[in-house]
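Colleague: My questions will all concern the structure given below.
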Amino acid sequence: MLFPRVGRRHPALRIAWYATVAFLVLGITLHLFPFYFMLITSFKSGEEVLRQTPTWWPEDPTGAGWRLVIDIVSGNTAAGRLMSEPFYVHMWNSVQMTFWILMLGIPVTAFAAYANSKLQRGRTARWSFLFFIGTLMMPAALTLIPMYLMTLNWPFALPEAPSVGGTQLPSVEIWNTPWAVVLPLVFNAFNYLLFKGFFDTIPDSVIQAARVDGGSEFNIFRRIVLPMSVPVFAVTIWTSFSGAWDQFLWPLVVLQDESKMPASVMIYQLQEKFIQAGSAGDAAAAQQSQQMQEILGSGMSWNGLMVLGILQSLPVFLAFIVCREYLLRGIKLRGLK
């Protein structure tokens, strides 16, 4: 512990201990406040949500927002008809994209880190390491155009596939497909850094002994390295899952059909449609305004959108609960080194 129990009796250390606890409590409170506001808003009525003065606790708690979300998921209510597809379709899209990013990304990143840590030596290992972590040095917005070009001519990040000897190399257009979201995000430089740091702590003598016994590199990784690396795998799986599940900008760029969009993008678009309904003055806007009146009359307001936000963030919380033991073990291991 940072302050031993015996040392807390000293006045100076006691003040420092209380100040540290107060700082941590303040940080936890600030992090939990958005979730608290989202939770209490989901139990407010539509009228209370739209008040100019916000309330810190529901004056008349109601589960109308939660009940209406069931209809929104099936697309039966007026709010659900703001979407071209039922909401469960977009949740399933998020599940599929996240699944493939994990199934492809974790092994690829782990193998690259293992090769750099245990198979490469000297200048080759140094330059490979710099090459792999180079993407951490660039802002994410800087990679949007190359990734966009790559989805047009996979795997070439060029406006057109290159030619060799007058023959154009084969390419695949994955634009506006789930693979346009999955494939560019397979490699994660931050996870690579975590894997590389952990694999460097595994003694080379263990790997050499397995090689002397005739083990192939794949069997060495599967039978020796993998069981020893469960904590770092848990950390990388959770970080990859949370990042893939909550991704927003890249799917918004490469996916054009609403039926293919993940839940994170669809919640945003539903919010935009909810705000803009009835904002113009032509006949179409009048119809939208009537639809908005129907939505408000059924009790649907920001409370239902908050419920959708909670449902969107719930899988990340459940993933943390599942990986919690291994995550804490990984923190302890890194803290003792």
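Nothing in this text is a laboratory measurement; each read-out follows from the coordinates by a stated rule. Every value quoted in this text rests on a predicted model; they were computed, and no experiment measured them. Backbone-built Cβ (ideal geometry, glycine too); neighbour counts: all protein chains shown.
Colleague: What shape does segment 76-202 have by the C-alpha gyration tensor, where a ≥ b ≥ c are the square roots of the eigenvalues, rounded means a/c under 1.5, and otherwise prolate means a/b greater than b/c and oblate the rest?
Modeller: On the way: a/c = 2.66, a/b = 1.43, b/c = 1.86.
Cα axes put segment 76-202 in the oblate bin.
Colleague: Within straight cross-link reach of Lys260, meaning Cα distance under 15 Å, which aspartates and glutamates are found once same-chain residues fewer than 8 apart are removed?
Modeller: Glu85
Colleague: Another one. When Lys and Arg each count +1 and Asp and Glu each count -1, what net charge do the other residues less than 14 Å away from Asn93, Cβ to Cβ, add up to?
Modeller: Summing Lys/Arg as +1 and Asp/Glu as -1 gives -3.
Colleague: Hey, which aspartates and glutamates would be in cross-link range of Lys118, C-alpha to C-alpha under 13 Å, not counting anything within fewer than 8 residues on its own chain?
Modeller: In chain and number order, the partners are Asp200, Asp204, Glu217.
Colleague: Let me ask something else about it. What does the charge count near Ala180 come to, summing +1 for each Lys or Arg and -1 for each Asp or Glu among other residues with Cβ under 10 Å from its Cβ?
Modeller: Numbers: positive: Lys260; negative: Glu173.
For residues surrounding Ala180, the net value is 0.
Colleague: Just flag the trypsin sites (Lys or Arg not before Pro) in segment 108-177 sitting in loop per DSSP whose Cβ has no more than 12 other Cβ atoms within 10 Å.
Modeller: Those that pass, being in a loop and sparsely packed, are Arg121.
Colleague: Below 12 angstrom from the Cβ of Glu48, what's the summed charge of the other residues (Lys, Arg +1; Asp, Glu -1)? Please list the in-between numbers first.
Modeller: Numbers: positive: Lys44, Arg51; negative: Glu47, Glu59, Asp60.
Residues near Glu48 contribute -1 overall.
Colleague: Take every Cα pair under 8 Å in segment 74-221 that's 6+ residues apart, average their separations, divide by the length, and report that relative contact order as a whole percent. Spell out each step's value before the answer.
Modeller: Values: 119 pairs, mean separation 42.0, N = 148.
Reported as a whole number, the value is 28 percent.
Colleague: Pop out the ³J(HN,Hα) list for segment 57-67 in order, Karplus 6.51 cos²θ - 1.76 cosθ + 1.60 with θ = phi - 60°, rounded to Hz; leave Gly and Pro as x.
Modeller: So the Karplus estimates, Gly and Pro as x, are 8, x, 6, 9, x, 9, x, 4, x, 5, 5 Hz.
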